[in-house]
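The values are calculated or read from the model by the stated rules, or taken from the named source; none is laboratory data. Bear in mind that the values here come from a model prediction, so they are computed numbers and not experimental data. FYI the Cβ positions are ideal-geometry reconstructions off the backbone, even for glycines, and counts take in every protein chain you see.
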Amino acid sequence: MILPLEIHNLVKRYKNSSVDAVKGVSFEVKGAEIFGLLGPNGAGKTTIISAITTLEKPTDGTVKVFGVDVTKDSMFTKKQIGVVHQEVINSGFFDVEEILEFQSGYYGLRKNKERIHFLLSKLALYEHRNKRVKQLSGGMKRRLMIAKALVHNPKLLLLDEPTAGVDIRLREDLWNFVRELRSEGTSVLLTTHYLEEAEQLCDRVGIINLGSVVCVGATKEIVRQYTLRKVRIVFAEQVPVQSPYLMEVIGKDYFFVIPQEKPLGEFINELGVPTQLVRDIQIEEGDLEEAFLKIVSQKDGQVPL
Amino acid sequence: MIGFLTIFRREIARFLKVIVQTVITPFVSSFLYLLIFGVSLGQQMDSHQGVSYLAFLIPGLMMMGLINNAFQNSSSSIVSSKFSGDLEDLRVAPVTDQEIIWAMSLGSVVRGTLVALITYLVGSLFMYYQQGEWLHIAHPVSALFFLIVAGLIFGMIGISVAFWATTFDQLSAFSAFILLPLTYLGGVFLSIEHLHPFWQMVSKLNPLLYLINGLRYGVLGVSDVNVGTAAVISLVGFAFFFGLARISLRKGSFQRW
């Protein structure tokens, strides 16, 4: 099966550097999925995106887009990709609509008015189409960058920190739009610092640290495997509890941390306390942030999943 | 091909957006050069190869304007795109290096030729005012050849320097310390026949001398150098700088400053 993106053993070492910025990274993005590439600053995320878009040449390894090596037939692979760069553009010469017309031309589309107007409307930029970039707000600039990336209807969309510095409402709108693109069959590779967003949005994630991918898998599976469930039980009176999961007792409040895979009913039965003494149970599930912190703090390389 | 046409159209649209800088400024400077050197000082200068000093000056100024503007057009386009981040769009889009080089260089030819044409029209008006006759182009095909080749060469030099430069200062330094002296010493204002034989020999090592005199032959029918030699040197220069521009795109960085 041909995958939208396959990265195999990618290595990138910059000139005048003795350290590899990316050290043998491998992962893939499947059809119509949102894949999140997560990692601390300087982990190598943008370098990987630069290798996919041919802004940077790999030192070693292969990057294939729809089965084609980006270094062998970049004209083909570039047509399949739309890119939203991390930093906003600041082009001073042209207005919004002109920028999108030129962008269409770069992709070989002479008459693309219909698509441009669709994107302008979809991204709430239609009324600003005759403004120059410097007249746009930060959020509008971000949306313009997304419109630019989509003028040629790419099958693979690369979003490099697209919501950095964007307000919550706009972020929500953008993610809804990304979900819509996925439902239309577009695959998305996303890098973001907002882990709660990645958890909501991404079907799978890859966690990268110091240039190496340390974990790849389904988002829910990673959360399940690398986090613990926090349970607070309020009893009617103080009771004797013997449990390896008990962390703290404050009055009648008992705090436990249990593995995700342990069924809640089984755990309560094991406590051996009559259920009529239970007044309240509160459960706090683990999240991607907790899993992320746990994974990047591990020092021994690849974490199998 | 659509990619090439788009970049070319963008280059034209870009310089037309800043028309004061790209067209009006050269008009004013050529007007002043012709007024001071051509009209005021020119009356004290002997005619050269049967043409007045004013007429001699016009093709030199045309080529000087073309060279400066062709270089500025491509180099400032790339440097401002590096600054704004637009240049990354070109690298990630399916356009070839050749399309980028040809589109930007031809953009330089259009802007340079426009400035040369303005200089010609202003000079022709001065000629009519001073001598009662318009300046007729002696060899239009030769004139067009040298305008196009010089525009392409300096468009490509602009591309190469802009990819090499890492700051605006480096771009200005190239213009001030290399381009300007070579232009001024390339026979814009004086025929090299007036120089000492040693300096004549030195001048002949300046490639701009051949472009300036090539255009002078095209416009006036007179030249300090053999036109065939000028044409061959121009074409060799074109091939060299085309190669250099290709290397610059392949090795240079498209990433923003």
Is there a residue in segment B:46-58 that is away from every other protein chain (no Cβ under 14 Å) and free of Cβ contacts under 8 Å to residues at least 12 places away in the same chain? yes
Please determine whether any residue of segment A:128-140 is within 13 Å of another protein chain (Cβ to nearest Cβ), free of Cβ contacts under 8 Å to residues at least 40 places away in the same chain and either aliphatic (A, V, I, L, M) or surrounded by fewer than 18 Cβ atoms within 10 Å (Cβ to Cβ) (or both). no
Matching residues in segment A:51-80 - criterion: being among the polar types (S, T, N, Q) and more than 8 Å from every other protein chain (Cβ to nearest Cβ): A:Thr59, A:Thr62, A:Thr71, A:Thr77, A:Gln80
Could you list, in sequence order, the residues of segment A:81-93 that are buried (at least 18 other Cβ atoms within 10 Å of the Cβ) and within 10 Å of chain B (Cβ to nearest Cβ)? A:Ile81, A:Gly82, A:Val83, A:His85, A:Val88, A:Ile89, A:Ser91, A:Phe93
With criteria (1) more than 9 Å from every other protein chain (Cβ to nearest Cβ); (2) in contact with a strand residue (DSSP E or B) (Cβ under 9 Å, 6 or more places away or on another chain); (3) among the aromatic types (Phe, Trp, Tyr), A:Phe118 comes up short on (2)
So which residues in segment B:90-120 are within 17 Å of the chain's Cα centre (by Cα) and more than 26 Å from B:Ala239 (Cα to Cα), if there are any at all? B:Ile118, B:Thr119, B:Tyr120
Filter segment B:248-257 for residues that are in a helix (DSSP H, G or I) and either within 14 Å of chain A (Cβ to nearest Cβ) or at pLDDT 95 or above (or both) and give the result. B:Leu249, B:Arg250, B:Lys251
Considering each of B:Ser80, B:Ser76 in turn, give the residue that is within 13 Å of chain A (Cβ to nearest Cβ), within 16 Å of the chain's Cα centre (by Cα) and surrounded by fewer than 22 Cβ atoms within 10 Å (Cβ to Cβ). B:Ser76
Listed by range, strands (runs of 3 or more DSSP E) wholly within segment A:154-244 having at least 1 residues that are surrounded by fewer than 18 Cβ atoms within 10 Å (Cβ to Cβ) are A:212-218, A:228-235
Of (1) more than 9 Å from chain B (Cβ to nearest Cβ); (2) crowded, with 21+ Cβ neighbours inside 10 Å; (3) in a loop (DSSP other than H, G, I, E, B), A:Ala147 satisfies all except one. Which? (3)
Answer yes or no as to whether B:Leu32 is under 20 Å from B:Phe189 (Cα atoms) and modelled with pLDDT of 85 or more. yes
For segment B:65-73, does any single residue satisfy the condition of being over 30 Å from A:Val83 (Cα atoms), of a type in the set (Gly, Ala, Ser) and either more than 12 Å from chain A (Cβ to nearest Cβ) or touching a Lys or Arg at 6+ places or on another chain (Cβ under 6 Å) (or both)? yes
Take A:Val151 and tell me if it is of a type in the set (Val, Ile, Thr), at pLDDT 90 or above and either within 27 Å of A:Ile208 (Cβ to Cβ) or in contact with a Cys (Cβ under 6 Å, 6 or more places away or on another chain) (or both). no
Do any residues in segment A:161-185 that are at pLDDT below 90 have Cβ atoms under 6 Å from those of residues that are in a helix (DSSP H, G or I), where the two are at least six apart or on different chains, and which pairs are they? A:Thr163/A:Arg171; A:Val166/A:Gly139; A:Val166/A:Arg142; A:Leu170/A:Gly139; A:Trp175/A:Leu201
Could you list all residues from segment A:252-261 that are modelled with pLDDT under 85 and either surrounded by 12 or more Cβ atoms within 10 Å (Cβ to Cβ) or not in a loop (DSSP other than H, G, I, E, B) (or both)? A:Gln260
Filtering segment A:94-115 down to residues that are part of a helix (DSSP H, G or I), more than 7 Å from chain B (Cβ to nearest Cβ) and crowded, with 17+ Cβ neighbours inside 10 Å yields A:Val96, A:Glu97, A:Glu98, A:Ile99, A:Leu100, A:Glu101, A:Ser104, A:Arg115
